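*Asks:* This is the structure, below, for whatever I ask next.
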Amino acid sequence: PKAIILIIVGMSSVAFQDTLIKFISSETNIFLILFFRALLGIIFLSIFLKIKKEPIIIKTHYPILTVLRGIMFFTAFVLYFFSLTKLSLATAVTLFFVSPFFITILSMFFLNETIGFRRWIALVIGFIGVILVMDPKIYNFNIYSTFPVICAFFYALTMIIQKRTSLEDSLYSQVFHIYIAATLLSF
């Protein structure tokens with residue numbers, strides 16, 4: 001029950017964040033939004049770790065993968081937040097839902113995971129749904145509808161890197177890396 005409640009709270013926070021970004025993005029620079037989002041993330045994560053009496057570890061055992069992950073994550077959400085200025089919120093979020101498809105495929109190649117038949121069927125049905133939302137007719141093509149899909153691909157790559165580096169780098173330090181990269185790159 002606790003995990004379910006935390007997932008609901010987390011997903012509600014993301015939905016609220018996306019709605020807020022959609023609302024303010026017409027008057028506010030996306031890089032400014034990303035900068036303050038990352039800065040607040042650093043502050044809240046630091047407070048959380050202090051309360052839990054956990055050390056704040058910024059050092060990484062995978063510097064190249066960490067930098068690559070930070071750049072990809074930042075690029076992904078620049079594209080996603082920009083798409084929120086050009087697409088409806090429902091369309092952008094639906095298009096981003098292709099990320100499980102990418103994560104699954106990439107996990108096969110980079111993490112040697114096996115995927116069952118039922119999961120493949122579910123992923124294919126979900127992917128078809130995303131394609132239907134994109135409405136890929138030549139005369140109706142909207143370049144901005146590719147942004148959440150590209151975001152989903154980069155996000156999937158960052159999740160694969162996170163899984164690979166999680167043997168040595170803690171989840172908290174990996175989140176710090178993302179926020180530090182976003183702070184620096186958005187600045």
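*Asks:* So what's the projected area for the chain, the Cα convex hull averaged over all directions, in nm²?
*Replies:* Hull-based average projected area comes out at 12.4 nm².
*Asks:* Quick one, could you list the DSSP H helices from the chain stretching 27 Å or more along their long axis (Cα atoms) with average Kyte-Doolittle hydropathy of -1.0 or above?
*Replies:* Answer set is 2-24, 30-51, 63-86, 146-165.
*Asks:* Of all the accessible heavy-atom surface of the chain, with the other protein chains kept in place and a 1.4 Å probe, what percent is carbon and sulfur?
*Replies:* Summing carbon and sulfur atoms, their accessible area is 74 percent of the total for the chain.
*Asks:* Would you please put 119-131, 69-81 in order of how densely packed they are, using the mean number of other Cβ atoms within 10 angstrom per residue and starting with the highest?
*Replies:* Those peptides, ordered most packed to least, come out 69-81, 119-131.
*Asks:* What accessible area per residue comes out for the chain, rounded to a whole number of Å², with a 1.4 Å probe?
*Replies:* 62
*Asks:* Moving on to the next point. What order do you get for 87-96, 36-45 when each peptide is scored by the mean count of other beta carbon atoms within 10 Å, highest first?
*Replies:* 87-96, 36-45
*Asks:* Of LYS2/LYS53; LYS22/LYS59; LYS59/LYS163; LYS2/LYS50, which sit over 24 Å apart, Cα to Cα?
*Replies:* LYS22/LYS59
*Asks:* So, by mean Cβ neighbours within 10 angstrom, what's the order for 11-17, 164-170, 145-151 with the highest one leading?
*Replies:* 145-151, 164-170, 11-17
*Asks:* Can you give me the convex hull volume of the Cα atoms of the stretch 36-95, divided per residue and expressed in Å³?
*Replies:* Cα-based convex hull of the stretch 36-95, divided per residue, equals 119 Å³.
*Asks:* Shifting gears a bit: Work out the length of the dipole vector of the stretch 36-154 about its Cα centre, built from +1 on the beta-carbon of each Lys and Arg and -1 on the beta-carbon of each Asp and Glu, and round it to the nearest 20 debye.
*Replies:* 340
The values are calculated or read from the model by the stated rules, or taken from the named source; none is laboratory data. Owing to the predicted nature of the structure, the values given are computational and were not obtained by experimental measurement. Here Cβ is always computed from backbone atoms with ideal geometry, including for glycine, and neighbour counts include all displayed protein chains. When the accessible area is computed, the model is the full protein with side chains, heavy atoms only, and any ligands, DNA or RNA have been set aside. Shrake-Rupley method; radii C 1.70, N 1.55, O 1.52, S 1.80 Å.
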